[in-house]
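The values are calculated or read from the model by the stated rules, or taken from the named source; none is laboratory data. Quick caveat: nothing in here was measured; it's all calculated off a predicted structure. A quick note on method: Cβ atoms are made from the backbone with ideal geometry, for glycine too, and the neighbour counts reach across all protein chains shown.
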Amino acid sequence: MANFKQHACFGAAAGALTYIGMCKYYKRNIDFGEMLACAGVGTVASMIPDIIEPAITPNHRSLAHSVTAGSALLRFATDRCCTENRNWEELQKILWASATAGYLSHLVADGCTPRSLPLLS
């Protein structure tokens with residue numbers, strides 16, 4: 001099972017890499033401060049599954065750790081972070097995408113363990 005430090009590192013990397021990818025998508029210049037903010041958002045978001053379902057037993061993975069939750073979050077993010085969404089500013093979209101990447105990094109890390117992830121719960 002991935003531990004706190006591993007999830008934090010994966011979340012930070014996912015947030016920063018998502019920031020870089022989204023800057024290319026929106027044809028924005030990369031700003032180091034924004035990238036650090038996205039790395040921080042990714043780190044925090046990578047902790048959410050274990051905040052919702054603490055790892056106090058080996059069978060703690062339920063809905064927040066499921067493929068279904070990850071898929072639903074990814075679907076929501078792709079709808080909200082596209083260029084057609086005029087309700088959010090670009091930076092809001094980038095931050096949301098970085099948070100989603102951080103959350104998904106947690107699921108990927110846990111999915112690579114022998115217990116893997118539940119489909120639903």
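Below, the figures for the structure above:
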quantity: When residues of the stretch 1-60 are limited to those that are at pLDDT 95 or above and among the polar types (S, T, N, Q), the one surrounded by the fewest Cβ atoms within 10 Å (Cβ to Cβ); calculated: Asn29
quantity: Some residue of the stretch 61-68 being exposed (fewer than 13 other Cβ atoms within 10 Å of the Cβ) and in a loop (DSSP other than H, G, I, E, B); calculated: no
quantity: Of all residues in the stretch 74-121 being assigned to a helix (DSSP H, G or I) and of a type in the set (Asp, Glu), the one that is farthest from Thr18 (Cα to Cα); calculated: Asp110
quantity: Candidates Cys112, Cys82 - the one that is more than 18 Å from Lys5 (Cβ to Cβ) and either within 13 Å of the chain's Cα centre (by Cα) or at pLDDT below 95 (or both); calculated: Cys82
quantity: Count of the stretch 77-91 residues which are without any contact (Cβ under 8 Å) to a residue 12 or more places away in the chain and under 23 Å from Pro49 (Cβ atoms); calculated: 2
